[in-house]
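The values are calculated or read from the model by the stated rules, or taken from the named source; none is laboratory data. Values in this document were obtained by computation on a predicted structure and should not be read as measured data. Cβ placement follows ideal geometry from the backbone for every residue including glycine, while neighbour counts extend to all protein chains displayed. Protein only, heavy atoms only, side chains kept; ligands, DNA and RNA dropped before computing areas. Shrake-Rupley method; radii C 1.70, N 1.55, O 1.52, S 1.80 Å.
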Amino acid sequence: MITILRKSWDILALAAIALHIGCNLFFITSDTFLNAWHLSIVLGLGYSGFAIAGNATNFRRIRDIALAVCGFAVGIYFLLFEDAVFERFELTLADQLVALAAVILVLDLTRRVTGWVIPVIALTLLAYVMYLGKYMPGLFYFGGLSEYRMAFRMFWQDGALLGSTTTISATIIFMFVLLSTLMRAAGATQFLISGALRLMRHVPGGSAHVAVLSSALMGTVSGSAVANVAGTGTITIPLMKRAGLSKEFAGGVEAAASTGSQLVPPIMGAGIFIMSDWIGVPYTELVLISIIPAILYFLSISVNIHLSLKRDGLLNAEQTLDELEPVRWTEGLAFLMPIILLVALLVVGYSPVYAAGWACGTVVVASFATRYPLWPTRWLAIAQEAVQTMIPTAIVLICAGIIVVCVETSGLVVAMAQSLAILGNGNTLLIIGIIAIISLFLGMGLPVTASYIIVASFGAPALISLGISPVAAHMAIFWLSQDSLLTPPVCLAAFAAAGIAGGNPAKTGVMAMVLGKGLYIVPLLFVFHGLLFDRGVEAAMVATVAGTAIIVFFAMSFTGMARDRLGVVARALLACAAGFVLWPMWQIQLAGAVLGAGAVGMNALHRRRLA
């Protein structure tokens, strides 16, 4: 029986993919039409996915199948009765009950997939909009909406469950998840890791740098830190351990590098598509301006690795590659051709959905030049993986629609932004620090995308009110929302890496945070130095040079290593120098550069005299 259910689930997943491809690429449909189908598919396949789990009891299986049928029905009901509702411009009791059922099912599936945090936030905001707002003082007062009006706004109006976040999930997110799944199925992971291993085999400390390079390359097709750890860490972490690196260091390197997968163009985290929709900047432009920041992030990891290994006498350790298969460069076709085509179509002006669709087709064709051709016999397995990957992100985005509508309808976003500005006393750096702390705490219980949506809803307006450009404000929050992946106490990427390495999770998290401190430095370059070209090309180039200097100075200070071991005074001076270079005044920046170079030079002279 369970085998039949699983096979049926796979077939439905393949049908869902076919429907999404048809609506996105071939047929002209309204957003609400696709969104309603998407809602039905996510709820139906999401609940039934629990029903076919191996540990499900008969009662749970029957319950989850019933919930899946109800979830599938709510979207179909919308499609069948949408015209009737807007013709009479009135909701019947049945219409209101379906809206209520849709909200409950979305909240419950979100709870099952991500935990209680997002549903609790959504329920709190619903209570605020309907009942509690009238009792709030000052800026937070809101007169309230009736249950009838909320039913209309939540389900029947193009705003919440069928709003813009659901549109992004059903279009861009879906197509890029499918592209990533196809590329992995065609052997892109094996090609990237093998290629990185051989490129780095003669580089001192190469086993650690392989993790950085392979994670950066995997990030172009993954966009998920934990998936990146699972995909590359199983190979890179054992190599680092064999080279003499500690379990915690090996896990920290992989966690920090894999976190960058959500920062590497062209397939970045789901939040980048939300950002594009919110600030009205084309996705292509966001991808292009994200290239230099991504390079700086991985540079910060590599510099820390190099200096740490040099300090510990492990810099010359090289990995053994005899047991690895040779690189089959023809397999690179399944990776390089789709990425080149994707970037080219985006640059010439095609939409991300259209570009991703063509890239998917290219993967299928190019796969026949590899050992992993995508014959139709593999399509069910690919559909299963793609839909299983999509559902957690999709249900978070659908549920996020409830949160977005509540804060916008009630004006809570304005009140929170003004309160944040008051709390920060108009100090941009202090406000960014508060945002970083809020992001970290929210990230303990929220996926990265949900954390970005919530924090950006009030944090970005607060920064923009201080004169920060919208793209810099949102991109800074997008980067800071990643910090929970590698910052204790809850650091999912670090925990995943620690599990592979067999190291202490907490120590691995601390090591990942130290190695990935570029995650905290680069957003400051967005806000204060114009790294995102929002202040012109010249400012961006100066910011790039300043960012490189900051990364090197901080790395030297943290590791206590340059050409020679650094003393306490030199390390303190280097930390001060990094802070000076970060200061948005060229005179202070120049003084910081001189101070940093002087500290290294004086330390070297002191070491030579002692020798």
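Some observations on this one:
- Leading residue by the ranking (farthest from PHE298 (Cα to Cα)) among those in region 539-583 that are outside any helix (DSSP H, G or I) and open to solvent by less than 70 Å² (accessible area, probe 1.4 Å): GLY567
- Counted residues, region 225-269 - those being farther than 26 Å from ILE292 by Cα and outside any helix (DSSP H, G or I): 4
- With respect to the conditions (1) within 15 Å of the chain's Cα centre (by Cα); (2) open to solvent by 10 Å² or more (accessible area, probe 1.4 Å); (3) over 25 Å from SER169 (Cβ atoms), TYR297 lacks only one, and its number is (2).
- Breaking point among (1) among the hydrophobic types (A, V, I, L, M, F, W, C); (2) open to solvent by 30 Å² or more (accessible area, probe 1.4 Å); (3) at pLDDT 90 or above; (4) more than 21 Å from THR393 (Cβ to Cβ), for PHE78: (2)
- Qualifying residue in region 253-263 (condition: assigned by the TED database to the domain that holds PHE191, open to solvent by less than 20 Å² (accessible area, probe 1.4 Å), modelled with pLDDT of 85 or more and among the charged types (D, E, K, R)): yes
- Residues in region 501-514 that are crowded, with 19+ Cβ neighbours inside 10 Å and in contact with a Pro (Cβ under 8 Å, 6 or more places away or on another chain): GLY509, MET513.
- The requirement of being at pLDDT 85 or above, exposed (fewer than 15 other Cβ atoms within 10 Å of the Cβ) and more than 30 Å from GLY46 (Cα to Cα) is fulfilled nowhere in region 376-392; no residue meets it.
- If you filter region 174-192 down to residues that are of a type in the set (S, T, N, Q) and open to solvent by less than 10 Å² (accessible area, probe 1.4 Å), you find that the one that is farthest from the chain's Cα centre (by Cα) is THR181.
- Region 474-494, residues that are surrounded by fewer than 24 Cβ atoms within 10 Å (Cβ to Cβ) and touching a residue at least 60 places away in the same chain (Cβ under 8 Å): LEU492
- Of all the listed residues (VAL85, VAL117, VAL106), the sole one being of a type in the set (A, V, I, L, M), open to solvent by less than 70 Å² (accessible area, probe 1.4 Å), at negative phi and over 25 Å from the mean Cα position of the chain (by Cα) is VAL85.
- Being modelled with pLDDT of 85 or more, over 13 Å from the mean Cα position of the chain (by Cα), under 23 Å from HIS529 (Cβ atoms) and assigned by the TED database to the domain that holds VAL229 is not true of ILE272.
- Residue list for region 352-383, filter: without any contact (Cβ under 8 Å) to a residue 40 or more places away in the chain and either acidic (Asp, Glu) or in a helix (DSSP H, G or I) (or both): ALA355, TRP358, GLY361, THR362, VAL365, PHE368, ALA369, PRO376, THR377
- Considering region 128-173, and only residues there that are among the aromatic types (Phe, Trp, Tyr) and open to solvent by less than 10 Å² (accessible area, probe 1.4 Å), the residue that is nearest to the chain's Cα centre (by Cα) turns out to be PHE155.
- Among residues of region 417-446, those that are open to solvent by 50 Å² or more (accessible area, probe 1.4 Å), at pLDDT below 85 and closer than 27 Å to CYS491 by Cβ, counted: 3
- Filter pass, PHE72 being of a type in the set (Phe, Trp, Tyr) and either in the same structural domain as TYR354 (by the TED database) or open to solvent by 70 Å² or more (accessible area, probe 1.4 Å) (or both): yes
- Taking the criterion of being surrounded by 13 or more Cβ atoms within 10 Å (Cβ to Cβ) and either at positive phi or among the aromatic types (Phe, Trp, Tyr) (or both), the residues of region 21-66 that qualify are PHE33, TRP37, TYR47, PHE50.
- Single match in LEU525, LEU531 (criterion: part of a loop (DSSP other than H, G, I, E, B) and buried (at least 22 other Cβ atoms within 10 Å of the Cβ)): LEU531
- Tabulated pairs, region 77-96, first more than 10 Å from TRP156 (Cβ to Cβ), second aromatic (Phe, Trp, Tyr), C-beta under 8 angstrom, 6+ apart or interchain: LEU79/PHE33; LEU79/TRP37
- Across region 598-610, not a single residue is classified as part of a loop (DSSP other than H, G, I, E, B), modelled with pLDDT under 90 and of a type in the set (Lys, Arg).
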